[in-house]
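So the structure is just underneath, and the comments pick up after that.
The values are calculated or read from the model by the stated rules, or taken from the named source; none is laboratory data. These numbers come from a predicted model, not from an experiment. Ligands, DNA and RNA are excluded from the accessible area calculation, which covers all protein heavy atoms including side chains. Shrake-Rupley method; radii C 1.70, N 1.55, O 1.52, S 1.80 Å.
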Amino acid sequence: QVQLVESGGGLVQPGGSLRLSCAASGVIFSRNVMGWYRQAPGKQRELVATITSGGTTTYADSVKGRCTISLSRDNGKNTVPLQMNNLKPEDTAVYYCNAISLSTIPPRSYWGQGTQVTVSS
C-alpha cells in the first residue's frame, strides 16, 4: 500500500530556504516517477519538479535554479527531499508529494496530504 507523507513546510521570509521531505512507504523508486506539485489558493495544482529512479529531473520554469529534487533513503525509508532556496511570496502554496506507478496500465498516481509553505515578511 502506497503512503506519501509530506513534512517540512512552514513560514519563511522572502529569500529564505526550506527543505521539504516526502516519506514514501510502499514505493519502489525503480517503478515510480516521484514528484512535487503545489497548489496556491484559487489556482490549479501545478508541477514543481519530478525525478526518475535514474536521476532524470524536470523543473517548472518558475523554480529552476532555486529548487532541487532528489531521492534518498533515510533510516531504511524511501524519501523524496525538495530543497527550496531564495523563496518568493509567489511560492506560497500547499506542496504535495506525488508518485506515478509505472507498474500498472494505465499508470496510477498517488498523492500525499500536502504541507503548507508560506513565504511572507
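Take every Cα pair under 8 Å whose residues are at least 6 apart in sequence, average their separation, divide by the length of segment 19-88, and the relative contact order is 35 percent.
For Leu11 and Asn86, the difference between the fully extended length at 0.36 nm per residue and the C-alpha to C-alpha distance is 25.6 nm. The apolar share of the surface of the chain, taken as the fraction of accessible area on carbon and sulfur atoms (1.4 Å probe, ligands and nucleic acids excluded), comes to 48 percent. In the complete set of protein chains, residue-level accessible area for Leu20 is approximately 0 Å², probe 1.4 angstrom.
Using the 1.4 Å probe convention, the accessible area of segment 35-121 works out to 55 Å² per residue with neighbouring protein chains retained.
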